[in-house]
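A.B. asks: I have a structure here, written as C-alpha cells, and I will follow up with some questions on it.
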Amino acid sequence: TSRTRINSEIVQLGTRTTFLESANPLKYGARGDGVTDDTAALTTALASGNSIALPKGYRFKITSGLSITTNFQRFGGEGALVPVGSFDAVTVGSAANGVELDLTVSAASQTGGCAININNANRTIVHKLYMPDGGYNAINVQKANFTEINWLYTPSLAGSYCVRWYGDASNRSDILILKSGVCSFSTVGTARGIDWDGNCHSLTVFHFGIVGAPSGNRPLYGLHIRNTSGATAPAIGRIFDLEVDYP
C-alpha cells in the first residue's frame with residue numbers, strides 16, 4: 001500500500017542518512033592495521049565530503065591532524081584512530097555546521113595536542129569520545145556557538161586539561177553542554193579537568209566526574225573558571241552533577 005511504501009521510504013531515508021551515505025575509508029586506500037600511516041587516505045576520505053565510518057576491528061594510524069570543514073559530515077564508528085606525535089587528531093573548523101563525531105582515539109603515543117579540536121564551528125555534537133589507553137588532552141572548544149558532548153571517558157590523560165572551553169575578544173564561545181563523562185590523569189597536580197576560560201557564555205554540566213586518588217594521579221583543579229584572555233569573563237554555569245575527587 002501507499003502507506004507501507006511511504007513508511008518504508010522514511011525508514012530507508014533514516015538509514016541512508018545515518019549509514020548508507022557513510023563511506024568506508026578502506027575505499028580511499030586506508031589500511032587500518034595500526035602500523036601503516038593512514039593520514040593521507042583519511043584526509044582524502046574526509047575531503048570527499050562524505051560521512052566516514054571507521055569499521056570495527058580496524059586501527060587507523062595518523063601522524064598529523066585530520067580536518068573536517070563540510071557541513072553535516074559525520075566521522076567515527078567502532079574502529080579507532082591512533083595518533084602518533086604532537087598534534088590535534090581531529091579539528092572541526094571553517095564555520096562548519098552540524099558536524100557529528102563518534103570516536104575511539106587510541107592515543108598512548110600522542111605527545112601533544114588534543115583528540116578533538118572544535119575551533120570556529122557551529123552546532124557540533126560529540127556522541128562519544130573514548131580514549132582507552134592514554135592520550136594528551138581530550139577536547140578543546142573555542143569560537144563555537146553550540147557544542148554538545150554526550151559521552152566522554154578518558155582514564156589516563158597526560159596533558160593539561162580534559163575539556164578546555166575558551167573565548168577571547170574576537171572568538172566568543174556561546175553554549176557548551178557536557179552530558180556524561182569521566183576523566184582522570186596520568187600526571188599529579190598539574191591539570192584541569194574542565195578549564196572554563198575567557199569569553200564563554202553558558203556551560204551546562206550533567207553527570208560529569210573528574211577523578212583521581214588521594215596519593216596518586218590527580219588534577220590540580222576539577223573545574224577551573226578563569227579569564228586569561230582579558231575579554232569578557234565566563235558568564236552562566238548550570239552544574240547538576242559534578243564529582244571532583246582529590247584535586
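A.B. asks: State yes or no: is Arg123 more than 28 Å from Ala53 (Cβ to Cβ), open to solvent by 20 Å² or more (accessible area, probe 1.4 Å) and among the basic types (Lys, Arg)?
C.D. replies: Working: more than 28 Å from Ala53 (Cβ to Cβ): no; open to solvent by 20 Å² or more (accessible area, probe 1.4 Å): yes; among the basic types (Lys, Arg): yes.
In short, no.
A.B. asks: Further question on the same structure: In the stretch 106-120, what residues are among the hydrophobic types (A, V, I, L, M, F, W, C) and either buried (at least 22 other Cβ atoms within 10 Å of the Cβ) or in contact with a helix residue (DSSP H, G or I) (Cβ under 8 Å, 6 or more places away or on another chain) (or both)?
C.D. replies: Residues of the stretch 106-120 that are among the hydrophobic types (A, V, I, L, M, F, W, C), as a first pass: 107-108, 114-116, 118.
Across the stretch 106-120, the qualifying residues are Ala107, Cys114, Ala115, Ile116, Ile118.
Here's the yes/no breakdown for (1) of a type in the set (Ser, Thr, Tyr); (2) surrounded by 15 or more Cβ atoms within 10 Å (Cβ to Cβ); (3) at pLDDT below 95; (4) more than 16 Å from Leu152 (Cβ to Cβ):
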{"residue": "Phe208", "(1), (2), (3), (4)": "no, yes, no, no"}
{"residue": "Pro219", "(1), (2), (3), (4)": "no, yes, yes, no"}
{"residue": "Thr228", "(1), (2), (3), (4)": "yes, no, yes, yes"}
{"residue": "Pro247", "(1), (2), (3), (4)": "no, yes, yes, yes"}
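A.B. asks: Another one. Cβ contacts < 9 Å: first residue within 25 Å of Pro247 (Cα to Cα) and in a loop (DSSP other than H, G, I, E, B), restricted to the stretch 152-180; second residue open to solvent by less than 10 Å² (accessible area, probe 1.4 Å) and among the small types (Gly, Ala, Ser), any location; separation 6+ or different chain. Result?
C.D. replies: Ala158/Gly134; Ala158/Gly135; Ala158/Ala191; Gly159/Gly112; Gly159/Gly135; Gly159/Ala138; Gly159/Ala191; Ser160/Ala191
A.B. asks: Only residues in the stretch 78-89 that are acidic (Asp, Glu) count as the first member; pair them with residues that are assigned to a strand (DSSP E or B) and crowded, with 19+ Cβ neighbours inside 10 Å, Cβ under 6 angstrom, at least 6 apart or cross-chain, and list the lot.
C.D. replies: Asp88/Cys114; Asp88/Asn117
A.B. asks: Can Ile194 be described as among the aliphatic types (A, V, I, L, M) and either under 25 Å from Gln73 (Cβ atoms) or surrounded by fewer than 22 Cβ atoms within 10 Å (Cβ to Cβ) (or both)?
C.D. replies: no
A.B. asks: Tell me, which residue of the stretch 144-164 that is of a type outside the set (Ser, Thr, Tyr) and within 13 Å of Asp197 (Cβ to Cβ) is most open to solvent (accessible area, probe 1.4 Å)?
C.D. replies: Arg164
The values are calculated or read from the model by the stated rules, or taken from the named source; none is laboratory data. As the structure is a computational prediction, the values presented were derived from the model and not from experiment. FYI the Cβ positions are ideal-geometry reconstructions off the backbone, even for glycines, and counts take in every protein chain you see. These accessible areas exclude ligands, DNA and RNA; they are computed on the full protein's heavy atoms, side chains included. Shrake-Rupley method; radii C 1.70, N 1.55, O 1.52, S 1.80 Å.
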